[in-house]
1. Considering chain B as a Gaussian network with a 10 Å cut-off on Cα pairs, which listed residue, B:Gly283, B:Gly127, B:Gly72, attains the greatest mean-square fluctuation?
2. Which one of A:Ala290, A:Ala231, A:Ala172 has the biggest mean-square fluctuation once chain A is modelled by GNM with Cα springs under 10 Å?
3. Taking chain A as a Gaussian network, Cα atoms linked when under 10 Å apart, which of A:Thr132, A:Thr269, A:Thr164 shows the biggest mean-square fluctuation?
4. Classify region B:102-184 as rounded, prolate or oblate from the Cα gyration tensor: take a ≥ b ≥ c as the square roots of its eigenvalues, call it rounded if a/c is under 1.5, otherwise prolate when a/b beats b/c and oblate if not.
5. Largest first, what is the accessible-area ranking of B:Thr232, A:Thr192 with a 1.4 Å probe?
6. For region B:157-209, report the % of Cα-Cα distances exceeding 13 Å.
7. May I ask for the angle, rounded to the nearest 10°, between helix B:28-43 and the longest principal axis of chain B, with both axes built from Cα atoms and the value confined to 0 to 90°?
8. Quick check of the Kirkwood formula: for chain B, what is the inverse mean of 1/r over all pairs of different Cα atoms, in Å?
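The values are calculated or read from the model by the stated rules, or taken from the named source; none is laboratory data. Given the structure is predicted, the values throughout are model-derived calculations rather than measurements. Backbone-built Cβ (ideal geometry, glycine too); neighbour counts: all protein chains shown. All accessible areas refer to the heavy atoms of the entire protein, side chains included, with ligands and DNA or RNA removed. Shrake-Rupley method; radii C 1.70, N 1.55, O 1.52, S 1.80 Å.
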Number of protein chains: 2
Amino acid sequence: MNMTCQEAAKWLEQQEDLLILTHRRPDGDTVGCAVALCLSLRKLGKTAYILTNEDATALFDSYWGDTLAPAGFEPKAVVSVDIASEGLFHKSAEIYKCQVDLAIDHHGSNEGFAQYNCVEPEKAACGEILYTIITEWFPVDADIALPLYLAISTDTGCFVYSNTTPNTHRVAAALMETGIDYAGVNKRHFRTKSYTRLRVESRIIDTMDLHDEGAIALAAVSLRDMAELGATEEDLEDIAAFVGQLKGVRTAVTIRELKPGECKLSLRTGDGLDASKVCALLGGGGHAAAAGCTVMGSVEEAKTSILWAIRQIQNWN
Amino acid sequence: MNMTCQEAAKWLEQQEDLLILTHRRPDGDTVGCAVALCLSLRKLGKTAYILTNEDATALFDSYWGDTLAPAGFEPKAVVSVDIASEGLFHKSAEIYKCQVDLAIDHHGSNEGFAQYNCVEPEKAACGEILYTIITEWFPVDADIALPLYLAISTDTGCFVYSNTTPNTHRVAAALMETGIDYAGVNKRHFRTKSYTRLRVESRIIDTMDLHDEGAIALAAVSLRDMAELGATEEDLEDIAAFVGQLKGVRTAVTIRELKPGECKLSLRTGDGLDASKVCALLGGGGHAAAAGCTVMGSVEEAKTSILWAIRQIQNWN
């Protein structure tokens, strides 16, 4: 059943002992939404925790605070934030499949796996939806504003991606006025690169395949590259956006070899090619301009698969 | 004499045949402000032009439209936008030294060279000041909103620099609602890099000097580097921000050899070192977190000079 933000706020007010789920390979949006929701529910006098996400990188360490669920916590209600499908549950969240009461999400491809679904695809970040829900209860304070700013800024590349709307900016302004260290968030997430990250970017430039006179770029980071450069998961954060910035590129594919025989693909598109349709052909999903999928096979096989999928959708247009 | 935005708007309403000046090595803020002001003055029924800036790069070609002054235009009033001192006049603007009627600017270091000065240093971009002035006359339409969005987004690195305020975001939201192609501006100015640019960045990483255990980075792009990489002025746009992003760096210096024996230095600082004070010691100026100066000498001499100036200000703190 679909719910508006107002209905979701009312429903949440009636729950006790809530557990909040984030998606696998968590980004700033899912982390920020979970923390902001957890703190807000506690401010309403409720017991609320976030399920520890074993995929979380050190980049988000400072945001969790005391929100992580202790062993043995038995929730009476389960809420997911920024999760489009049960396929995106992290490992320890899998026991909650078919048990999510409320899904709060901004993915148009949301599969409606929860009992109640508060999904607003026109929002750039799930954090904008959380802002609407939380301000049904009280004005946000700095503790809640900081994770919401993290959510909104990271999902828009700091207000640069085409998903950014006037509402995104207005919510950001309201959050900043609570006195949060937004400059610190910006510095950490958008203005800081390690030497290793810069070397990864340089490797990508050197090894990229271009098709259609440079309009399609296929970039890959293999396990061997990772080992040679000493790169960690954190060094690859949002690496898909890096390829998309090359002048003349309209369709940017970034392939990451997760383990031998398994690759994760990220697709960024402009000019009307629907990235979520392309990725759906390979079992994935996402947004019109940014989507992803995981395929079995080597990096070379992944390149062949995604090129095939791009050609299919190009021909259907 | 100082003027508020309201007073500047009133004063402008009383002028005829206006010429607008931009600063040398023009950036998006000075270009965007000039175009928005010119179009707005024309909407008020006035004759208004921008003085052609011989330093302008192709990056801004699409914004000028028909605003550039024809040969022989004789202004009755001269207005400068985003110019902190007469030392920043471009070559063909020099004949207007001591003749600027109104300076609209957001640099705290503005030297008050005009008869009337509308200076608001708390504004991230001069474009925010222009927005206030123009909305004294009428709501901005898309033609005026686009150059203002260019101004505001470029001077904040697309809302990522620490100068960004809630007002910056609110003005951006209002501009976006006029229906402008802000995604196109973002794509062009913040999400597009040429291969040459990426090679320049790679060269900088390879040749950077680090001091104070990596807290101070001195990077240089010599004339020889430019020639070897085939880099143009456009490939170096906002290159100072690139060095500042390296993890652990608190004071980032980017040196550009302009011609043999003359270097331009850009300084970005965090943690309380006032960049404008450092640059003032070498005859330059700017903001607390971003400033610049031009020094005579080789790249190596420029490095010695700026390190000396940094040490002076560090010791005074």
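1. Per the Cα network of chain B with a 10 Å cutoff, B:Gly72 tops the list.
2. In the Gaussian network model the winner is A:Ala231.
3. Of the options given, A:Thr132 has the highest mean-square fluctuation.
4. Numbers: a/c = 2.31, a/b = 1.40, b/c = 1.65.
Taking the square roots of the gyration eigenvalues as a ≥ b ≥ c, region B:102-184 is oblate.
5. Values: B:Thr232 70, A:Thr192 45 Å².
So, going from the largest accessible area down, we get B:Thr232, A:Thr192.
6. Working: 975 of 1378 pairs.
Of all Cα-Cα pairs in region B:157-209, 71 percent lie more than 13 Å apart.
7. The helix B:28-43 is inclined about 0 degrees to chain B.
8. Values: mean 1/r = 0.0497 Å⁻¹.
One over the average 1/r among Cα pairs gives 20.1 Å for chain B.
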